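Taking it in order: structure first as structure tokens, then the write-up.
The values are calculated or read from the model by the stated rules, or taken from the named source; none is laboratory data. Treat the numbers as computed from the prediction; the structure is a model and nothing was measured. Ideal geometry is used to build each Cβ from the backbone, glycine not excepted, and the neighbour counts take in all protein chains shown. Accessible surface is based on the protein model in full, side chains and every heavy atom, while ligands, DNA and RNA are left aside. Shrake-Rupley method; radii C 1.70, N 1.55, O 1.52, S 1.80 Å.
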Amino acid sequence: MTGGNESCTAGPTSMSYLACLSYILEEWTGVEDIGDYLSYAFYILWVLFPLVVVFVLPGVIVILFYVSILWLHIYKRKNEIKEAYSHDVWIGAREMLATIWDGHGRIWHGYELHGVENIPQGPGLVVFYHGATPVDYIYFIARLHIMKKRCCNVVADHFVFRLPGFRILLEVFGVIHGPKEACVRTLEKGQLLAIAPGGVREALFSDEMYTILWSDRKGFAQVAIDAKVPIIPMFTQNVREGFRTLGGIKILRSLYERTRLPVVPLYGGFPVKLRTFIGEPIPYEPNMTAEELAAKTKAAVQALIEKHQKIPGNIFRALMERFRTQKKED
């Protein structure tokens, strides 16, 4: 091996690193013209690098989730004695995780939260458009916790509760899967509750046109009526440009409708500008039906989309917005 390295630099002109590597591999393997194969391999790697990146970046969010879970397990072990004497042993853990996720949002997306004054002091039902991932919602609850010291429970799909290791994370952040009675009880306790009526279907199969996919769902509206609380519409600008899915493939849509499993691949993780806008609350009206309230809420979320989102969404434009210094007005 030493002789091979010395031969790379021998003579009046030193070889390039690729030529040197080719020379050494040819000596080891006995394969001639291995440099041609290496050149082709590097070319393929260079061509496919952007594709690899857009599918690898979402893994960073997954890693951050599991780092959060690991921290919670460590925190729980450290505070087992305090648990018997404290009404909420997770206060410190929430503070730490809120700081971590808010920092990630600030650094990677320049995350901003607008309209926080529209969140009532008491209970309320936050209704939002669901992006390809819920990362914007995580940034929202982190910023809300830091600014207002308030927690916001959220309704999630059943499959989330089957994710390995997620139970402790869901417990700490008040994630529930219903039913309606559980949602009403949460609101009657004076807490905030969030729900995306479009759920997984909207996450996977909406697109850069930001089409709201709520079908005829009105259960969330009935929850607000039964609990006698206002509904607060919410939307995050460029949420579809940060992460996108391959939901346009028909066979994947058919597979989801049959199995209800989120088998649609996603890609992205781009550092686009994210701004969450909270609209004016829709007050409780005893004479309003669930159908009417659901339609009114959908119109309010649609109005936020039309006001704050350029349609169709564009990844390059969203990236440019990330690096502009001026802030978009509410």
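Table for the structure above
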{"item": "Three-way shape label, region 269-312, alpha-carbon gyration tensor, a/c 1.5", "result": "prolate"}
{"item": "Accessible-area order (highest first, 1.4 angstrom probe) of the listed residues Val263, Val200", "result": "Val263, Val200"}
{"item": "Accessible surface of Lys310 - all protein chains present, 1.4 Å probe, nearest 10 Å²", "result": "120 Å²"}
{"item": "Percent accessible area from carbon and sulfur atoms, region 88-323, protein chains only, probe 1.4 Å", "result": "58 percent"}
{"item": "Gain in span if fully extended, Asp207 to Leu261, counting 0.36 nm per residue against the direct Cα distance", "result": "17.6 nm"}
{"item": "Residues Leu70 and Ile91, FRET efficiency given R0 of 25 Å [Cβ-Cβ distance, rounded to 0.05]", "result": "0.85"}
{"item": "Percent breakdown of C-alpha pair distances by 10 Å bin, ordered from the shortest bin, for region 88-323", "result": "8, 32, 39, 19, 2"}
{"item": "Accessible area (Å², per residue) of region 88-323, counting only protein heavy atoms and a probe of 1.4 Å", "result": "44 Å²"}
{"item": "In region 137-257, lysine pairs closer than 20 Å at Cα, eight or more apart or cross-chain", "result": "7"}
{"item": "Calculated FRET efficiency for the pair Glu117/Met288, C-beta based, R₀ 22 Å, to 0.05", "result": "0.35"}
{"item": "Under 13 Å, Cβ to Cβ, from Gly103 - net charge with Lys/Arg +1 and Asp/Glu -1", "result": "0"}
{"item": "Whole-angstrom Cα spans of region 136-265 along principal axes, big to small", "result": "44, 32, 30"}
{"item": "Protein-only accessible surface order, largest first, of Glu181, Glu112 at 1.4 Å", "result": "Glu181, Glu112"}
{"item": "Distance between modelled label sites at Ala303 and Arg150, nm, 7 Å Cα→Cβ extension", "result": "2.0 nm"}
{"item": "Accessible area of Glu171 in the full protein assembly, 1.4 Å probe (Å², nearest 10)", "result": "120 Å²"}
